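Trainee: Have a look at the structure that comes next, please.
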Amino acid sequence: MFKFQGKTALITGSGTGIGQAIAKKFVENGASVVILGRRREPLDETAKMLEEIISKNNSGANVKIFSGVDVADEKAMTDMFDTIKNENATIDIIINNAGVSGPVTCFANAPLDDFKSTVGIHLTGTFWGSVQALKVMKEGGKIITISTFFTEERPLEQRPYRFRSPYTAAQGAKNRLAEAMSWELTDKGIISIATNPGPVHSDRIYKTVYPKAAAEFMRVSGFEDLTPIEVDAANKELLPLLGESEETVKKGIVNAAEKLSHDNGKEVQKLTETFTNLLSKIQNIAEKVQHNTSHMIANQEFLSQSQVAESVLNLCDDEIAKIINGKVIPGDRVFYPVKPHIGTTTPGVHQPDFTGKSIVFTIDATDKNDSDRVQYLAQHVIKNGGKVACFISESTPKDLQDSISNSFHSHVVNIKNPDEVEKWLNTARTNIGEILAVVHVTGKLPEISKLIELSRSAWEELIEKFITTPATVAQIALEQFVPGGAKDPRLYKDSTGAMMIIGPDLPSGRKVSGTQRAQVEVFRGALRPFTTTVNQELSDVLKSKIRIFSVFPGSVTGSEPKNENIAQALNFLVSDGSSSSSEVTFCVDESR
């Protein structure tokens, strides 16, 4: 009798890599598996390998394939689970493994569509896959979510992962989603656990993430006589050559030089020499990143995919799973020293004089407390000499729109649309002067019984409200502070500007449940690593003085948030001291 005989595990992204290794471990231990992914060919190859193991073990297990299934595709995932249900099959274990690297570049240069797509695959794919799996799960079922160690938090820490802002935002929220689901699934007897394996030997790291990160370092500063735009164009041609034969590399470099020479008029021979040096530099930096990371591990070894699979199987053990239900298991083993990025109240500063300066508020209010907060902060700026403009989301309730508009210069706009945000920030700069800071108010999390009971559209509205809209406003604000900086990062050096993302609040009141807190933390869990990652890029990579803060009102004790604490955070944000602070996320109402 094998340990998982008679059980069925569904593994997303299981045609290759870690997902394939997990599927292999399950069938070695007697389980049937459902494998899925976007491409048929790797799934067929994986199924053949799995069936050979089943035949050898004579376990009676089986393999079922669903190809053409992107976890971000609502219909594909819904249809797959409906098919399983109609076959009267049961899924005992779902492994949320599917993922992509996403854009590996400074946030200022990351296409917002790629940002949204990365969040859609990692976070929404995990959410919807888990929700749909409930149709075919029974008591004792397990949902295991694989995340990354870069987004897991320790006291007063938040690991940044430069060039990976959409990835870190999605993964951070995924950790907190695993916790929230454990609260919401208690009555069904289904367990939810997350695990962060840390660095793993894989093509994604060696052929994609590390080389692209190295290439981004080259783009930021330019290389030899190439501008950042030219470096970016060269990188697109050169990176696919890594790992190829010497002859293929030489030919590829010449082809790239001829192509770019046609575009920029530079001499082919000179470009060939420059591209050869550039590719060598990228390879050296990628190897250095790998070396430095491995030396933060006791035995200096990344995990193998098989080791990750073994750890996942251990989490699926009935007794172990009951003990660690709702936990995020840090399996990364990496001693990653970081400065403290999370603080409580901001340092006290002398009240700034806002005379001649303007602050723009973008607002996605949920209730009256949100609109009262905006009015308090706007009045704080005005009474200290400044000017304000308020751009209110169309999704803000009409009475709250009117309340803000009756008090301050305001417009109701589509702040989810980057073109609209850019247009209105330009309008503000023209009408009220240079923008000192942009303050985005996410609004509170609406009252929700259970996240797992939300429709797909309701879930996506929350993602838009708390993750992609703040990111959209942040990116357009950066372009305001440094026009053209996305394409020429050298312009960021010594530049100034400030942005603050406020919310969502922790729930307040005397009878706040663990479920309520866990739900809010899903979205705060996205903004913490996002803010930390972007700030590391702004300070350490781009050498700017621009900062993006996240401010989270409310307290774990359920006490009411105080708007004066947020005003103090705004004062600090626009002070000279903020650019040298390692703390960029502030829980302003916490005393601990």
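The values are calculated or read from the model by the stated rules, or taken from the named source; none is laboratory data. Everything quoted here is computed from the prediction, not taken from an experiment. We place every Cβ from the backbone using ideal geometry, glycine too, and count neighbours over all the protein chains shown.
Trainee: What number of residues within segment 574-592 are in a loop (DSSP other than H, G, I, E, B), over 9 Å from Phe552 (Cβ atoms) and at pLDDT 90 or above?
Mentor: Residues in segment 574-592 being in a loop (DSSP other than H, G, I, E, B), over 9 Å from Phe552 (Cβ atoms) and at pLDDT 90 or above: 4 in total.
Trainee: If you check Lys357, Lys387, Lys368, which single one turns out to be over 25 Å from the mean Cα position of the chain (by Cα) and either under 30 Å from Arg159 (Cα atoms) or exposed (fewer than 15 other Cβ atoms within 10 Å of the Cβ) (or both)?
Mentor: The conditions single out Lys368.
Trainee: Name the residue, out of Ala21, Ala47, that is part of a helix (DSSP H, G or I), of a type outside the set (Lys, Arg) and under 20 Å from Val200 (Cβ atoms).
Mentor: Ala21
Trainee: Moving to a separate point now. Scan segment 247-268 and give yes if some residue there is modelled with pLDDT of 95 or more and within 30 Å of Ser544 (Cα to Cα), otherwise no.
Mentor: no
Trainee: Still on this structure, I have one more. So which residues in segment 253-278 are exposed (fewer than 14 other Cβ atoms within 10 Å of the Cβ) and part of a loop (DSSP other than H, G, I, E, B)?
Mentor: Within segment 253-278, Gly265, Glu267 qualify.
Trainee: Looking at (1) part of a helix (DSSP H, G or I); (2) crowded, with 21+ Cβ neighbours inside 10 Å, which is the one condition that is false for Asp419?
Mentor: The failed condition is (2).
Trainee: A further question follows. What number goes with the only condition from (1) surrounded by fewer than 14 Cβ atoms within 10 Å (Cβ to Cβ); (2) under 30 Å from Ile18 (Cα atoms); (3) of a type in the set (Lys, Arg) that Lys281 does not pass?
Mentor: (1)
Trainee: Could you check how many residues of segment 169-213 are within 21 Å of the chain's Cα centre (by Cα) and in a strand (DSSP E or B)?
Mentor: Total meeting the criteria: 6.
Trainee: Taking into account only those residues within segment 304-332 that are assigned to a loop (DSSP other than H, G, I, E, B) and under 23 Å from the mean Cα position of the chain (by Cα), which is nearest to Ile190 (Cα to Cα)?
Mentor: The qualifying residue nearest to Ile190 (Cα to Cα) is Gly326.
Trainee: Take the conditions over 25 Å from Lys487 (Cβ atoms), part of a helix (DSSP H, G or I) and out of contact with any strand residue (DSSP E or B) (no Cβ under 6 Å at 6 or more places or on another chain) and apply them to Glu247. Does it pass?
Mentor: Taking the combined requirement at face value, the residue satisfies it.
Trainee: Another question, if that's okay. Which of (1) of a type outside the set (Val, Ile, Thr); (2) closer than 26 Å to Gln480 by Cα; (3) assigned by TED's automatic domain parsing to the domain that holds Thr148 is the odd one out, the single condition Lys387 does not satisfy?
Mentor: Going through the list (1) of a type outside the set (Val, Ile, Thr); (2) closer than 26 Å to Gln480 by Cα; (3) assigned by TED's automatic domain parsing to the domain that holds Thr148, Lys387 breaks only (3).
Trainee: In addition: Among the residues that make up segment 506-515, is at least one of them more than 18 Å from Ile342 (Cβ to Cβ), charged (D, E, K, R) and modelled with pLDDT under 95?
Mentor: Checked against the condition, which is being more than 18 Å from Ile342 (Cβ to Cβ), charged (D, E, K, R) and modelled with pLDDT under 95, segment 506-515 yields at least one hit.
Trainee: Here's another thing I want to ask about it. Only residues that are out of contact with any Asp or Glu (no Cβ under 9 Å at 6 or more places or on another chain), assigned to a helix (DSSP H, G or I) and aliphatic (A, V, I, L, M): list them for segment 518-552, please.
Mentor: Ala526, Leu527, Val534, Leu538
Trainee: Quick check on my filter: what residues within segment 154-179 are touching a helix residue (DSSP H, G or I) at 6+ places or on another chain (Cβ under 7 Å) and charged (D, E, K, R)?
Mentor: Selection gives Arg159, Arg162, Arg164, Lys174, Arg176, Glu179.
Trainee: Now a separate question. For Gln401, state whether it is polar (S, T, N, Q), under 18 Å from Met499 (Cα atoms) and at pLDDT 95 or above.
Mentor: No.
Trainee: Those residues that are within 11 Å of the chain's Cα centre (by Cα), surrounded by fewer than 22 Cβ atoms within 10 Å (Cβ to Cβ) and within 27 Å of Asp82 (Cβ to Cβ), I need them from segment 97-151; list them, please.
Mentor: Matches in segment 97-151: Lys116, Ser117.
Trainee: Please verify whether segment 555-565 includes one or more residues that are basic (Lys, Arg) and within 23 Å of the chain's Cα centre (by Cα).
Mentor: Scanning segment 555-565, I find no residue that is basic (Lys, Arg) and within 23 Å of the chain's Cα centre (by Cα), so the answer is no.
Trainee: Does any residue of segment 88-95 turn out to be surrounded by 14 or more Cβ atoms within 10 Å (Cβ to Cβ), in the same structural domain as Ser147 (by TED's automatic domain parsing) and under 18 Å from the mean Cα position of the chain (by Cα)?
Mentor: No: zero hits.
Trainee: Looking at segment 187-215, which of its residues are surrounded by fewer than 20 Cβ atoms within 10 Å (Cβ to Cβ), in contact with a Gly (Cβ under 9 Å, 6 or more places away or on another chain) and under 15 Å from Glu453 (Cβ atoms)?
Mentor: The one that is surrounded by fewer than 20 Cβ atoms within 10 Å (Cβ to Cβ), in contact with a Gly (Cβ under 9 Å, 6 or more places away or on another chain) and under 15 Å from Glu453 (Cβ atoms): Lys188.
Yes or no, residue by residue, for (1) of a type outside the set (Asp, Glu); (2) more than 30 Å from Ser14 (Cα to Cα):
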position: Glu267; (1), (2): no, yes
position: Thr274; (1), (2): yes, yes
position: Asn292; (1), (2): yes, no
position: Gln300; (1), (2): yes, no
position: Ser306; (1), (2): yes, no
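Trainee: Within segment 29-38, identify whether any single residue is part of a loop (DSSP other than H, G, I, E, B) and over 19 Å from Ile91 (Cβ atoms), and answer yes or no.
Mentor: Checked segment 29-38: at least one residue is part of a loop (DSSP other than H, G, I, E, B) and over 19 Å from Ile91 (Cβ atoms).
Trainee: Same structure, new question: Here are some conditions: (1) surrounded by fewer than 22 Cβ atoms within 10 Å (Cβ to Cβ); (2) touching a residue at least 60 places away in the same chain (Cβ under 8 Å). Glu224 meets all but one. Which one does it not meet?
Mentor: Going through the list (1) surrounded by fewer than 22 Cβ atoms within 10 Å (Cβ to Cβ); (2) touching a residue at least 60 places away in the same chain (Cβ under 8 Å), Glu224 breaks only (2).
Trainee: Another question, if that's okay. Which residue is surrounded by the most Cβ atoms within 10 Å (Cβ to Cβ), if the candidates are limited to segment 498-519 and must be touching a helix residue (DSSP H, G or I) at 6+ places or on another chain (Cβ under 9 Å) and of a type in the set (A, V, I, L, M, F, W, C)?
Mentor: For segment 498-519, the residue satisfying everything is Ile502.
Trainee: Could you grab me the full set of residues in segment 70-99 that are outside any helix (DSSP H, G or I) and free of Cβ contacts under 8 Å to residues at least 40 places away in the same chain?
Mentor: Asp73, Glu87, Asn88
Trainee: Determine, yes or no, whether Val349 is of a type outside the set (Lys, Arg), surrounded by fewer than 19 Cβ atoms within 10 Å (Cβ to Cβ) and touching a Lys or Arg at 6+ places or on another chain (Cβ under 6 Å).
Mentor: When the stated conditions are applied, Val349 does not pass them.
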